[in-house]
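Q: Dumping the structure here so I can ask a few things about it.
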Amino acid sequence: MRYCRFGANGRLLSVHFVDATNGWAAGSGGVLVATTDGGATWGIQQSSTTNSLYDIHFINTKTGWAVGAGGVILHTTNGGVP
């Protein structure tokens, strides 16, 4: 298995795409990244936690959840845009 690193501690642990272009990934250290071009480029999003995020799921391009260590549950209704 190959890991993709974001920052000093960021390993991606879960990836979810809602369609061919829009996707999100979550990982260790609270890392959250998103793409709108099918994964060609990724942008870091703020997660408000340093706990590892083990799973991420979106039901459309705006609404999604990420869950992780210590019972962390993150929810967005704007695609994770601050």
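The values are calculated or read from the model by the stated rules, or taken from the named source; none is laboratory data. Bear in mind that the values here come from a model prediction, so they are computed numbers and not experimental data. Here the Cβ is made from the backbone with ideal geometry for all residues, glycine too, and neighbour counts use every protein chain on show.
Q: Give me the residue from the range 42-63 that is surrounded by 12 or more Cβ atoms within 10 Å (Cβ to Cβ) and among the polar types (S, T, N, Q) and, out of that set, nearest to Phe17 (Cα to Cα). Reasoning before the result, please.
A: Of the residues in the range 42-63, the ones surrounded by 12 or more Cβ atoms within 10 Å (Cβ to Cβ) are 42, 44-45, 47, 49-58, 61-63.
From the residues that got through so far, the ones that are among the polar types (S, T, N, Q) too are 45, 47, 49-52, 61, 63.
Numbers: Gln45: 16, Ser47: 18, Thr49: 22, Thr50: 23, Asn51: 22, Ser52: 20, Thr61: 9, Thr63: 12 Å.
My answer is Thr61.
Q: Filter the range 1-25 for residues that are touching a strand residue (DSSP E or B) at 6+ places or on another chain (Cβ under 9 Å), modelled with pLDDT of 90 or more and part of a loop (DSSP other than H, G, I, E, B) and give the result.
A: Val18, Thr21, Asn22
Q: Considering only the range 26-82, how many residues are not aliphatic (A, V, I, L, M) and not in a strand (DSSP E or B)? It would help to see each step written out before you state the result.
A: Quick first cut of the range 26-82, residues not aliphatic (A, V, I, L, M) only: 27-30, 35-39, 41-43, 45-52, 54-55, 57-58, 60-65, 68, 70-71, 75-80, 82.
Then drop every residue that is not not in a strand (DSSP E or B), which leaves 28-30, 36-39, 41-42, 46-52, 60-63, 70-71, 77-80, 82.
Residues flagged as not aliphatic (A, V, I, L, M) and not in a strand (DSSP E or B) within the range 26-82 amount to 27.
Q: Would you call Val31 surrounded by 14 or more Cβ atoms within 10 Å (Cβ to Cβ), touching a strand residue (DSSP E or B) at 6+ places or on another chain (Cβ under 9 Å), β-branched (Val, Ile, Thr) and modelled with pLDDT under 95? Lay out the reasoning, then the answer.
A: Details: surrounded by 14 or more Cβ atoms within 10 Å (Cβ to Cβ): yes; touching a strand residue (DSSP E or B) at 6+ places or on another chain (Cβ under 9 Å): yes; β-branched (Val, Ile, Thr): yes; modelled with pLDDT under 95: yes.
The answer is yes for Val31.
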